[in-house]
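The values are calculated or read from the model by the stated rules, or taken from the named source; none is laboratory data. The structure displayed is predicted, hence computed values, not measured ones. All Cβ positions, glycine included, derive from the backbone under ideal geometry; neighbour counts span all protein chains shown.
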Amino acid sequence: MLFKNRTAAGQFLAGELADYANRSDVIVLGLPRGGVPVAFEVAKALNAPLDVLVARKLGVPEQEELAMGALAKLPGIGPASGSVRIINEYIVNQANISDETIARVAVQEERELERREQLYRGDRPFPDLRGRTVILVDDGLATGATMWAAVAAVRREQPARIVIAVPVAATETCQELAQAVDDIVCAATPSPFYSVGLWYEDFPQTTDDEVRDLLAKATNHQPLKVLS
């Protein structure tokens, strides 16, 4: 085990991201649900605003833990709004998954995206990411499917830089994602990896209420203005 819990992991990860502290262009986006407690600690330590980017894995039917792709949600209006979908063609071909099956699973997960987006955000607008340094945070990366979708969604918003930050990740996933972003911090890449939860002493499922509470705390704690 590497981390006591997600809070401790976020505090450790924040130390690895110290170069991004106290910068007015930085925003931290947590991937719900488990990434939000980690992102909360990162945002607090970096003196940066916190928000969420809702993403969902598209699980192979009857093997839901195996990702054949993922969705990420961009709320609001304009050409960049709506869902971004990525597909793992290797998994789809190996499992002989039809287009109809992919579409059916995507519809189901789209509903869950909408539910979570409404629950976590309500009427609060999605932040403007144009020209900003966006740090995408999750509690860990196994296949990285949801993070790939999140990166694709954020890129549509024309940020200046995209940074991925996670406490623990599979080595291959970290290396592959590094080719798609401007910077990546995988604090630990143990091998063999097995699963994210293995590297936490305490790894309960994060609840919707916990996500909402952390977002409310982050909103009430306005980052200090950074003098240029």
Practice task
Take the range 37-73 and flag every residue that is of a type in the set (Asp, Glu) and either farther than 25 Å from Asp213 by Cα or within 10 Å of the chain's Cα centre (by Cα) (or both).
Solution key: Glu62, Glu64, Glu65
Problem - Subset of the range 84-130 that is within 30 Å of Ser24 (Cβ to Cβ) and in contact with a helix residue (DSSP H, G or I) (Cβ under 7 Å, 6 or more places away or on another chain) - its residue that is modelled with the lowest pLDDT - result: Val84
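Quick one: is Gly34 under 19 Å from the mean Cα position of the chain (by Cα), surrounded by fewer than 21 Cβ atoms within 10 Å (Cβ to Cβ) and more than 27 Å from Gln158 (Cβ to Cβ)? First the steps, then the outcome.
Numbers: under 19 Å from the mean Cα position of the chain (by Cα): yes; surrounded by fewer than 21 Cβ atoms within 10 Å (Cβ to Cβ): no; more than 27 Å from Gln158 (Cβ to Cβ): yes.
Considered against the rule, which asks whether it is under 19 Å from the mean Cα position of the chain (by Cα), surrounded by fewer than 21 Cβ atoms within 10 Å (Cβ to Cβ) and more than 27 Å from Gln158 (Cβ to Cβ), Gly34 comes out as no.
Mind listing whichever residues of the range 111-128 are under 24 Å from Leu58 (Cα atoms) and in a loop (DSSP other than H, G, I, E, B)? Please lay out each step first, then the result.
Of the range 111-128, the ones under 24 Å from Leu58 (Cα atoms) are 111-121, 126.
The answer is Phe126, and nothing else.
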Practice task
Check off (1) assigned to a helix (DSSP H, G or I); (2) under 14 Å from the mean Cα position of the chain (by Cα); (3) among the hydrophobic types (A, V, I, L, M, F, W, C) for Ala9 and give me the number that stays unchecked.
Solution key: (2)
Problem - From Leu66, Leu74, Leu58, Leu31, residue being under 18 Å from Pro125 (Cβ atoms) and not polar (S, T, N, Q) - result: Leu74
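Just to be sure before I move on: is Asp202 closer than 18 Å to Ala8 by Cβ, surrounded by fewer than 22 Cβ atoms within 10 Å (Cβ to Cβ) and touching a helix residue (DSSP H, G or I) at 6+ places or on another chain (Cβ under 9 Å) in the structure I sent? Lay out the reasoning, then the answer.
Working: closer than 18 Å to Ala8 by Cβ: yes; surrounded by fewer than 22 Cβ atoms within 10 Å (Cβ to Cβ): yes; touching a helix residue (DSSP H, G or I) at 6+ places or on another chain (Cβ under 9 Å): yes.
Yes: the conditions hold for Asp202.
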Completion exercise
For Glu157, the lone unmet condition from (1) touching a Lys or Arg at 6+ places or on another chain (Cβ under 8 Å); (2) without any contact (Cβ under 8 Å) to a residue 60 or more places away in the chain; (3) among the charged types (D, E, K, R) is (2)
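If we keep just the residues of the range 68-83 that are modelled with pLDDT under 90 and closer than 23 Å to Leu141 by Cβ, which is surrounded by the most Cβ atoms within 10 Å (Cβ to Cβ)? First the steps, then the outcome.
We begin by selecting, within the range 68-83, every residue modelled with pLDDT under 90; these are 73-83.
Cutting the leftovers down to closer than 23 Å to Leu141 by Cβ gives us 73-74, 83.
Numbers: Lys73: 25, Leu74: 20, Ser83: 20.
By that ranking, first place goes to Lys73.
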Practice task
For Leu29, state whether it is outside any helix (DSSP H, G or I) and under 14 Å from the mean Cα position of the chain (by Cα).
Solution key: yes
Fill in the blank from the handout: Among Leu46, Leu50, Leu2, the single one that is in contact with a Phe, Trp or Tyr (Cβ under 9 Å, 6 or more places away or on another chain) and either farther than 23 Å from Gly144 by Cβ or at pLDDT below 95 (or both) is Leu2
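Identify, from the list Asp51, Asp25, the residue that is within 16 Å of Val163 (Cβ to Cβ) and surrounded by fewer than 18 Cβ atoms within 10 Å (Cβ to Cβ).
On the way: Asp51 fails: surrounded by fewer than 18 Cβ atoms within 10 Å (Cβ to Cβ).
Among Asp51, Asp25, only Asp25 is within 16 Å of Val163 (Cβ to Cβ) and surrounded by fewer than 18 Cβ atoms within 10 Å (Cβ to Cβ).
For Val137, indicate whether it is under 22 Å from Glu64 (Cα atoms) and of a type in the set (A, V, I, L, M, F, W, C).
Numbers: under 22 Å from Glu64 (Cα atoms): no; of a type in the set (A, V, I, L, M, F, W, C): yes.
For Val137, the condition - under 22 Å from Glu64 (Cα atoms) and of a type in the set (A, V, I, L, M, F, W, C) - is not met.
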Exercise for the section: Would you check which residues across the range 102-139 are within 26 Å of Cys174 (Cα to Cα), within 17 Å of the chain's Cα centre (by Cα) and without any contact (Cβ under 8 Å) to a residue 60 or more places away in the chain and list them? Expected result: Glu109, Leu113
